[in-house]
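In what follows, a single structure is set out as C-alpha cells and then discussed.
The values are calculated or read from the model by the stated rules, or taken from the named source; none is laboratory data. All values reported here derive from a predicted model rather than from experimental measurement. Glycine gets a Cβ as well: all are built from the backbone with ideal geometry, and neighbour counts include every protein chain shown. Just the protein is used for accessible areas: all its heavy atoms, side chains included, with ligands, DNA and RNA removed. Shrake-Rupley method; radii C 1.70, N 1.55, O 1.52, S 1.80 Å.
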Amino acid sequence: WLEAPRPQRPDDVPALSAARLEDLRANLTPQQLGELIEQCLEDLNARMPELRRALEEGRNDAIEVSAHAMAGMAGGYALGALEVQLRAVLRAARNGSARGAQAMADGMEAELARGGSALRDALARAAA
C-alpha cells in the first residue's frame, strides 16, 4: 500500500530557489536581473487584488487564471515558496474547491513580501 506524496506547502520550501536564481544570474547582467525582478514584483503585487477578489467571490475559473499566471512569474524569478503556494491555490480551484483555494492562499501577501525582500537581499549581497 503506497501513499500518494503530499503536495509541498510553502512552509516546506525556502523563500528563494537557489538553483533558479543562479540560472538567472548566469544569463543576465546584474542590471538586467535587477530590473526584471523589480518588474516581476510589481506585476505580482498588481495582480494580487484580482486574485483576492476571485477567491472572495469563489470564482474558480478566475482563481485558476490568476494563480496560474502568478505561479509562472514566481517560479521564473526564483520565488520558490510563493510558487508552491500559488500552485496549491491553482490545484484547489481546478478541483472545484474555492474554499480549499482560499485556505491555501492564507498568508500569500506576506509570502510575496518575504520572497521579494529575500530576492532583493540576495541581489544586493551579490553586488557587494
**Fill in**
Within the stretch 53-91, the residues that are without any contact (Cβ under 8 Å) to a residue 12 or more places away in the chain and of a type in the set (K, R) are R53
**Fill in**
When (1) polar (S, T, N, Q); (2) touching a Lys or Arg at 6+ places or on another chain (Cβ under 8 Å); (3) under 28 Å from A18 (Cβ atoms) are applied to S117, the one that fails is (2)
**Prompt:** Is it true that some residue in the stretch 6-14 is at pLDDT 95 or above, farther than 21 Å from A124 by Cβ and of a type in the set (D, E, K, R)?
**Reply:** no
**Prompt:** Can you name the residue in the stretch 93-104 that is surrounded by 23 or more Cβ atoms within 10 Å (Cβ to Cβ) and small (G, A, S) and is also farthest from the chain's Cα centre (by Cα) among such residues?
**Reply:** A93
**Residues of the stretch 31-52 classified as farther than 30 Å from A128 by Cα and surrounded by 13 or more Cβ atoms within 10 Å (Cβ to Cβ), total** = 5
**Complete:** All-but-one check, A127 against (1) surrounded by 17 or more Cβ atoms within 10 Å (Cβ to Cβ); (2) of a type in the set (A, V, I, L, M); (3) closer than 28 Å to A26 by Cα, failing number (1)
**Fill in**
Reported set for the stretch 53-70 where residues are over 15 Å from A103 (Cα atoms), open to solvent by 30 Å² or more (accessible area, probe 1.4 Å) and of a type outside the set (A, V, I, L, M, F, W, C) is D61, H68
**Asked** Among (1) surrounded by fewer than 21 Cβ atoms within 10 Å (Cβ to Cβ); (2) modelled with pLDDT of 95 or more, which single condition is E83 missing?
**Response** (1)
**Prompt:** If A110 passes every condition in (1) open to solvent by less than 30 Å² (accessible area, probe 1.4 Å); (2) under 16 Å from the mean Cα position of the chain (by Cα) but one, which one does it miss?
**Reply:** (1)
